[in-house]
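Here's the structure, in structure tokens; my notes come after.
The values are calculated or read from the model by the stated rules, or taken from the named source; none is laboratory data. Nothing here was measured: the structure is a model prediction, and the numbers come from that model. In this analysis, Cβ positions are derived from the backbone assuming ideal geometry, glycine residues included, and neighbour counts consider all displayed protein chains.
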């Protein structure tokens, strides 16, 4: 009589370099909206090797549709699957532990206190509160509009609200929305620089066809005032180097590089696209290497290009469809 089949996936040989010189990069490939599968790619920088669809190889199942972002808290990875309305939790070897369900369309997960995370959402008009011990949704914070990327600064979680042209500030102790500021049109990227200033990359457009702008807020007489400089059309992504004094973002023309000072700074075209469709950008905090995805026609597999901080092309490799997020453990 045949025995019952064990539901645990069979072991899969995943090549991992555990030496001191290893440097892994996780790449979230969104997949085509509505019908494609999101996939996880694992790149090892020193050996220049890439393993694609690694989650499915290990767990014998798809992640879901639109793999939006990757976060890590302790020994767990959190894979945010936007169009499937869930977050897949794995161990550090990418073996699935549990799913967190109950989201509308989750975007990014941020640990804001030990054991607690906020999850922004495209359709919920609220930020979900997640208990990272039980991996369950325990509450929500109404925002009235969709929220996207965020940063934690001095006990306040600041997140972009692209439809409202604002950033919202939430007290992470009370889970209350306590502040907001108007930004340029369609705020997209948000980071904290070396001076503890929040920088916001606004895409522009909208009914007024506003210009894109990189902006921040300066304080005078107890009031905060917006300052910034305009950019080339349609920027995406916003990353800083490890010293938090040089920023990078992408446009249809290529990769731009600029100083962090929004009052006196400027940004210049650093690497031309030359026909590539640059989509996502990430910077390795350990060595300053810049990773950018060329998503081609949004149907074919993406190419990732890796550059040194001097602009030298170090490597390029094929990953999944619409490489949209880089994570550096």
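Key figures
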item	result
Output for region 85-132, where each listed residue is under 19 Å from residue 174 (Cα atoms) and assigned to a loop (DSSP other than H, G, I, E, B)	114, 115, 125, 132
Checklist (1) free of Cβ contacts under 8 Å to residues at least 60 places away in the same chain; (2) in contact with a helix residue (DSSP H, G or I) (Cβ under 9 Å, 6 or more places away or on another chain) applied to residue 108, failing item	(2)
Selection count where residues are touching a residue at least 40 places away in the same chain (Cβ under 8 Å) and in a loop (DSSP other than H, G, I, E, B), scope region 168-194	7
Selection within region 226-265 - surrounded by fewer than 20 Cβ atoms within 10 Å (Cβ to Cβ), assigned to a loop (DSSP other than H, G, I, E, B) and at negative phi	232, 233, 241, 242, 243, 245, 252, 253, 261, 263, 264, 265
Check on residue 295, in contact (Cβ under 8 Å) with a residue 60 or more places away in the chain, surrounded by 15 or more Cβ atoms within 10 Å (Cβ to Cβ) and over 18 Å from residue 247 (Cβ atoms)	no
Residues that are surrounded by fewer than 18 Cβ atoms within 10 Å (Cβ to Cβ), in contact (Cβ under 8 Å) with a residue 60 or more places away in the chain and either closer than 21 Å to residue 127 by Cα or in the same structural domain as residue 125 (by TED's automatic domain parsing) (or both), drawn from region 65-104	72
Index of the failed condition, residue 268 passing every other in (1) in a loop (DSSP other than H, G, I, E, B); (2) surrounded by fewer than 14 Cβ atoms within 10 Å (Cβ to Cβ); (3) in contact with a strand residue (DSSP E or B) (Cβ under 7 Å, 6 or more places away or on another chain)	(1)
